[in-house]
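Input: a single structure, listed below in structure tokens.
Rule-based calculations on the coordinates, nothing more; no lab input. The model shown is predicted, which means the values in this text are computed figures rather than measured ones. In this analysis, Cβ positions are derived from the backbone assuming ideal geometry, glycine residues included, and neighbour counts consider all displayed protein chains.
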Amino acid sequence: MTKMEPGLTGKAETTVSESNTALEIGSGSVPVFATPMLVALMEIAAINSLERHLPEGRTTVGIKIDITHTAATPVGMTATARAELVKVDGKRLVFQVSAEDEAGPIGEGWHERFIVDQEKFISRAKEKI
């Protein structure tokens with residue numbers, strides 16, 4: 001484990017297939033990479049930036065995302081998301097996120113995650129049942 005500080009970066013990518021299009025998941029009526037899937041890819045990039053940096057028993061949960069999906073990515077192309085940790089405010093982590101496909105940028109924005117004790121978090125969630 002190393003110190004968690006601004007500058008950490010992460011990346012995630014996926015090939016657009018029928019299963020992650022807006023048409024298939026119900027977020028739209030066109031067969032292109034779905035905005036909810038872009039959000040998930042950006043979150044994965046942020047999570048990947050934290051590998052080996054979180055203390056034992058800790059994880060992060062997404063608490064806010066504000067992105068713009070600026071271009072469509074058709075089936076067969078690869079979408080790549082990148083995240084950079086820009087602010088550490090106690091347990092709150094702020095990331096600048098972006099994404100592109102082979103033709104250029106497809107989205108950008110901000111994402112916040114919060115560091116939690118994994119066991120306590122799961123226990124509290126189960127108490128809701």
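Listed here are the residues, each with its yes/no results for (1) farther than 12 Å from residue 85 by Cβ; (2) surrounded by 15 or more Cβ atoms within 10 Å (Cβ to Cβ); (3) of a type outside the set (Lys, Arg).
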site: 3; (1), (2), (3): no, no, no
site: 11; (1), (2), (3): yes, no, no
site: 20; (1), (2), (3): yes, yes, yes
site: 26; (1), (2), (3): yes, no, yes
site: 35; (1), (2), (3): yes, yes, yes
site: 41; (1), (2), (3): yes, yes, yes
site: 52; (1), (2), (3): yes, no, no
site: 56; (1), (2), (3): yes, no, yes
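Can you tell me how many residues within segment 88-129 are of a type in the set (Ser, Thr, Tyr) and over 16 Å from residue 66 (Cβ atoms)?
Within segment 88-129, the subset of a type in the set (Ser, Thr, Tyr) is 98, 123.
From what's left, over 16 Å from residue 66 (Cβ atoms): 123.
Matching residues across segment 88-129 total 1.
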Checklist entry - Just wondering, is there one or more residues in segment 92-107 that are touching a residue at least 12 places away in the same chain (Cβ under 8 Å), surrounded by fewer than 13 Cβ atoms within 10 Å (Cβ to Cβ), among the charged types (D, E, K, R) and assigned to a loop (DSSP other than H, G, I, E, B)? => result yes
Item to check | Boolean, residue 113 is surrounded by 13 or more Cβ atoms within 10 Å (Cβ to Cβ), part of a strand (DSSP E or B) and in contact with a Gly (Cβ under 6 Å, 6 or more places away or on another chain) | outcome: yes
Checklist entry - Residues in segment 50-68: is at least one in contact with a Gly (Cβ under 9 Å, 6 or more places away or on another chain), under 15 Å from residue 112 (Cβ atoms) and in a loop (DSSP other than H, G, I, E, B)? => result yes
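What are the residues in segment 116-129 that are more than 24 Å from residue 36 (Cβ to Cβ), assigned to a helix (DSSP H, G or I) and without any contact (Cβ under 8 Å) to a residue 40 or more places away in the chain, if any?
Here is the first cut: in segment 116-129, the residues more than 24 Å from residue 36 (Cβ to Cβ) are 117-120, 123-124, 126-127, 129.
Subset that is assigned to a helix (DSSP H, G or I): 118-120, 123-124, 126-127.
Listed by number, the residues that qualify are 120, 123, 124, 126, 127.
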Checklist outcome for this item: If you go through 24, 43, the only one that is more than 14 Å from residue 100 (Cα to Cα), touching a Lys or Arg at 6+ places or on another chain (Cβ under 9 Å) and of a type in the set (Asp, Glu) is 43
Next on the checklist: Can you tell me how many residues within segment 5-23 are touching a residue at least 40 places away in the same chain (Cβ under 8 Å) and not in a loop (DSSP other than H, G, I, E, B)?
Outcome noted: 9
Item to check | residue 34, sole failed condition from (1) more than 13 Å from residue 106 (Cβ to Cβ); (2) in contact with a helix residue (DSSP H, G or I) (Cβ under 7 Å, 6 or more places away or on another chain) | outcome: (1)
Next on the checklist: The conditions are (1) touching a residue at least 40 places away in the same chain (Cβ under 8 Å); (2) more than 13 Å from the chain's Cα centre (by Cα), and residue 26 fails exactly one of them. Which is it?
Outcome noted: (1)
Next on the checklist: So, residue 84, is that one part of a strand (DSSP E or B), among the charged types (D, E, K, R), without any contact (Cβ under 8 Å) to a residue 60 or more places away in the chain and crowded, with 17+ Cβ neighbours inside 10 Å or not?
Outcome noted: no
